[in-house]
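Read the figures in this text as sums done on the coordinates, not as results from a lab. Nothing here was measured: the structure is a model prediction, and the numbers come from that model. Here the Cβ is made from the backbone with ideal geometry for all residues, glycine too, and neighbour counts use every protein chain on show.
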Amino acid sequence: MSAARPGVRLLVRRAGIGVGQLAVLLVLVFLLSLLLPGDAADVQNNTVLSAAQQEHARHLLGLDVSPVTRFLEWLGDAIRGDFGTSYANGASVGSVIAGPFLVTGLLAGLALLVLVPVAVTAGFAAGLRPGSAADRLITSISIGLDSIPDFVLAVLLVAVLSVRLDLLPATFLGADLPALLERPEYLVLPLVVTVARVAAPLVRLVRAGVIEVADQPYIAQARRLGIHRFSLLVRHMAPNALAPAMQELGRTGDGLLSGVLIVEAVFAVPGIATELIGAIGNRDDPVILAIVAITGVIAVVVNTAIDMAGHRLNPAAAAQVRI
């Protein structure tokens, strides 16, 4: 029971901090939305309205109450699972954002499935033979990718693979979720761009962890005892070498979310970034707040899960992390 207490304390602390961060984020986003010129009634009514007509339009949208009241009412409903009604089309916010979230979730999930094995394999390949040709090649590629902005890499890949060689589609225009499942080639370029940037620092961290662990006395003793190489890597080296990388993966998860949003904008992916940009243009506060809330919850859950995984892999290393 005592061995589990540090993990429980870590879980409670990370969850508490995450809830506080999410609350602050929602307040800031709502305040920023109030600073935008006009409101949903102004955007929807392009013609000149009389003062009475304008007031009636604002009343229909519920904009005639104080911002504090609007925010607290939305927050209370959101806690119960009701994100309200879109100002733009009158549909429920849940139905508006469900499709875009599925597309973004598909892209982010596939990126994670590719990211982890690529980063771990490349990091181990470089770290097991430091100074070798493979190490220099992998390190050079990771540094190069880390120095190129996402949108620049995306434009370069489109110019070469789509425009010049005509190997892959350049954008998602006209493709919805069923089309993506039927034609996975639409996902290749966005996945490459999403994974390339976030994988680079993770590869170098795994490499550093492998080099450090390989020099430990217990690894030398395990080799003298004749432990099989695969067992040595998986059971003795990996848990200690990957613990720091697991902590970094939490920050990488945040970068992955922001990277997916950039990729969606560049490749015209019909995901949550596209929906968010449209909602900001329409001053659609319920949609904006719902997107921020859900992505915030996802970020908190992912970061907490990664911290717990790092704690399980190496409790001593995880205990040194200051949250």
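With coordinates expressed along the principal axes, the C-alpha atoms belonging to the range 6-136 extend over 76, 39, 26 Å, beginning with the largest. Taking 0.36 nm per residue of separation and subtracting the Cα-Cα distance, full extension of the segment from Ser162 to Ala15 would add 48.6 nm. Here Glu185, Glu264, Glu73 are placed in order of increasing Cβ neighbour count within 10 Å, fewest first, which gives Glu185, Glu73, Glu264. The trypsin sites (Lys or Arg not before Pro) of the range 54-161 meeting both criteria, a DSSP state outside H, G, I, E and B (loop) and at most 10 other C-beta atoms within 10 angstrom of the site's C-beta, are Arg80. Adding -39500 (n - 2.57) for every DSSP H run of four residues or longer, then dividing by how many residues the chain holds, sets the calculated 222 nm ellipticity at -24000 deg cm²/dmol. Taking 0.36 nm per residue of separation and subtracting the Cα-Cα distance, full extension of the segment from Val8 to Leu72 would add 19.9 nm. Using Cα atoms only, what is the angle between the long axis of helix 238-267 and the major principal axis of the chain, expressed in degrees (0 to 90) to the nearest 10? Tilt relative to the chain: about 30 degrees.
For the chain, the spread of Cα coordinates along the three principal axes comes to 87, 59, 32 Å, biggest extent given first.
Put a dot 7 Å past the Cα of Asp64, heading toward its Cβ, do the same for Leu137, and the two dots end up 7.1 nm apart. Charge dipole of the chain (Cα centre as origin; +1 on each Lys and Arg Cβ, -1 on each Asp and Glu Cβ, all else neutral): 1880 debye, rounded to the nearest 20.
Tell me, what is the FRET efficiency for Thr121 and Glu212 to the nearest 0.05, using R0 = 22 angstrom and their Cβ-Cβ distance as r?
0.75
Between the listed residues Ala40, Ile141, Gly62, the Cα displaced farthest toward the positive end of the dipole of the chain, a dipole computed from Cβ unit charges relative to the Cα centre, is found at Ile141. Over the chain, calculate the relative contact order: mean separation of alpha carbon pairs under 8 Å at least 6 apart, over the residue count, as a percent. With pairs under 8 Å counted, the relative contact order is 27 percent.
Summarising the amide proton neighbourhood of Thr85: residues at separation of 5 or more, or on other chains, whose placed amide H is nearer than 5 Å comprise Val93.
When the Cα centres of the range 276-306 and the range 129-178 are compared, how far apart do they sit, in Å? Between the Cα centres of the range 276-306 and the range 129-178 lies a distance of 27 Å. In a fully extended conformation the segment linking Arg224 and Glu55 would gain 52.6 nm over its present Cα-Cα distance, using 0.36 nm per residue.
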